[in-house]
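What follows is one structure encoded as structure tokens, with my remarks underneath.
The values are calculated or read from the model by the stated rules, or taken from the named source; none is laboratory data. Values in this document were obtained by computation on a predicted structure and should not be read as measured data. As a convention, Cβ positions derive from the backbone with ideal geometry for all residues, glycine included, and neighbour counts pool all protein chains shown.
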Amino acid sequence: MSIGTLLIATHNQGKMIEFTDMLSGLDISLKSATDFDLPEPTETEDTFVGNALLKAHVACKATGLPALADDSGLSVDALDGAPGVYSARWGETATGRDFNIAMERVNKEIGGIDGTQTAHFTAVLALVYPDGHEEIFDGKLSGNLCWPMRGDRGHGYDPIFVPVGFKTSCAEMLMETKNKISHRAIAIEKFKNYLIKNA
Ligand code: IMP
């Protein structure tokens, strides 16, 4: 199925810039949720796929355009996959998001990160067409947790996550390095290949 105009179902300018950059060179025109003043749906599902599909369906229905939405998070094995789909919520405070608090909580619930604890980041992209057709693209980045927090680049849980094969946390690496290996980059690459095949 070819796509003329694609709605990226995000209000996050940073994500929009990332998508625009990674999808440049393809023959599609991109619109964002902000262009249509769409409301942000509440993420009520308990899986990444469920939440990504929910956001894509809402945006597709509101605009009549094929819509792409993403959901992502950190899953810690020792915490049975938490914070998982609640990764953003663990950082919520009365005055906005603070991921130092979220990372302190991970450390506390584990009982002290010692470098042996394994975890992974997941990114899921859901593409929904006006006729209801759905496609899912996912990416995973595995690693170990580290403590104390290391580095001041990146975002979210990057300072306590060291990818497999690396000695540096995601917050210590250059953005270009992380963008080559990240869960999001893997999912976007799968999406790009799908678009190229279905152009
Ligand atoms: P959402 O996908 O916008 O719902 O947010 C997911 C949350 O997962 C983010 O707020 C981050 O806390 C966390 N997260 C997702 N990807 C990454 C990453 O690459 N580095 C660090 N944290 C991430």
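Checking each residue in the stretch 47-56 for being of a type in the set (Ser, Thr, Tyr) and either assigned to a strand (DSSP E or B) or in contact with an Asp or Glu (Cβ under 8 Å, 6 or more places away or on another chain) (or both) picks out no residue at all. Which pairs do you get when a residue that is closer than 17 Å to Gly73 by Cα, found in the stretch 104-119, comes within reach of a residue that is exposed (fewer than 10 other Cβ atoms within 10 Å of the Cβ), reach meaning Cβ atoms under 9 angstrom, with the pair 6+ apart or on two chains? Between residues of the stretch 104-119 that are closer than 17 Å to Gly73 by Cα and residues that are exposed (fewer than 10 other Cβ atoms within 10 Å of the Cβ), the close pairs are Asn107/Pro148.
Residues that are more than 16 Å from the ligand (Cβ to nearest atom), surrounded by 13 or more Cβ atoms within 10 Å (Cβ to Cβ) and modelled with pLDDT of 85 or more within the stretch 2-56 comprise Leu6, Leu7, Leu23, Leu26, Ile28, Leu30, Lys31, Phe36, listed in sequence order.
For the stretch 122-142, filtered to residues that are crowded, with 18+ Cβ neighbours inside 10 Å and touching a Pro at 6+ places or on another chain (Cβ under 9 Å), the residue that is farthest from Thr177 (Cα to Cα) is Val128. Residue-level check: of (1) within 15 Å of the chain's Cα centre (by Cα); (2) within 14 Å of the ligand (Cβ to nearest atom), Thr93 misses just (1). For the stretch 57-81, filtered to residues that are assigned to a helix (DSSP H, G or I) and not hydrophobic (A, V, I, L, M, F, W, C), the residue that is nearest to Tyr157 (Cα to Cα) is Asp77. Filter the stretch 181-199 down to the residues that are in contact with an Asp or Glu (Cβ under 9 Å, 6 or more places away or on another chain) and hydroxyl-bearing (Ser, Thr, Tyr) and list them by number. Residue satisfying the conditions is Tyr194 alone.
Contact annotation: residue pairs with Cβ atoms under 8 Å, 6 or more positions apart or on different chains, pairing a residue in the stretch 183-199 that is surrounded by 13 or more Cβ atoms within 10 Å (Cβ to Cβ) with a partner that is among the polar types (S, T, N, Q), are His183/Ser72; His183/Thr122; Arg184/Ser72; Ala185/Asn179.
In this structure, Leu145 qualifies as farther than 25 Å from Ala9 by Cβ, crowded, with 20+ Cβ neighbours inside 10 Å and either β-branched (Val, Ile, Thr) or at pLDDT 95 or above (or both). Inside the stretch 96-113, residues that are of a type outside the set (D, E, K, R), more than 9 Å from the ligand (Cβ to nearest atom) and within 18 Å of Arg150 (Cβ to Cβ) make up a count of 8.
Of all the criteria given as (1) within 11 Å of the ligand (Cβ to nearest atom); (2) without any contact (Cβ under 8 Å) to a residue 40 or more places away in the chain, the one not satisfied by Gly151 is (1). Scanning the stretch 157-180 for residues that are modelled with pLDDT of 95 or more, exposed (fewer than 11 other Cβ atoms within 10 Å of the Cβ) and more than 19 Å from Ser75 (Cα to Cα) yields a single hit, Lys167.
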